[in-house]
């Protein structure tokens, strides 16, 4: 029997024995206030942080402490993203694009509103906050899928290709392992050369190389 695969990248951030543990916002703000002279930035991540009803207020309080703030998002709630951007609460945004539109629901195992994804893409590309789009090269994705995503974000500042990691079980949440080397350097270089015609910068993350095509060197 094949082990169950779980796409729970940040599960290890939770306590090992209580995966539903929560830290009160007040406690986190108190902790951050005490380290304001030691730390520079805070990443608001998830799960999907824009699902939290108090994210704007919480981010405002973090920002008021003097921290730079980065948001990790899947782009499914553009109204929340717009509110954070308009309030000047974000210094960097990393938005995941999971797949080309026709494969999105299958890859995510849930229906995803592609209009919302397009709206979030436009907010970032037309805005003034630094950002990156990123795609984890999960097993269902092909070369043509990656190029289709590149076409969707044509003209974007940065596109990052991330190596897929699989989690064999909840107990292994602190022991994520990379999948086998299914994307060797020549494959990645070919993809990046093609994407160099679509986006300004294409980088890899989690692979053995980080190749920047000569056309993108300044």
In the set 71, 81, 123, 90, the lone residue that is farther than 22 Å from residue 165 by Cβ, in contact with a helix residue (DSSP H, G or I) (Cβ under 7 Å, 6 or more places away or on another chain) and free of Cβ contacts under 8 Å to residues at least 40 places away in the same chain is 90
Counting only residues in the stretch 118-147 that are in a loop (DSSP other than H, G, I, E, B) and within 16 Å of the chain's Cα centre (by Cα), the one modelled with the lowest pLDDT is identified as 138
* Within the bounds of the stretch 152-171, is there any residue that is at positive phi and at pLDDT 55 or above? -> yes
Taking the stretch 172-194 and keeping residues surrounded by 14 or more Cβ atoms within 10 Å (Cβ to Cβ), at pLDDT below 65 and out of contact with any strand residue (DSSP E or B) (no Cβ under 8 Å at 6 or more places or on another chain) leaves 172
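The values are calculated or read from the model by the stated rules, or taken from the named source; none is laboratory data. Since the model is a prediction, treat every value here as computed from it, not as a measurement. Cβ atoms come from the backbone with ideal geometry, glycine included; neighbour counts cover every protein chain shown.
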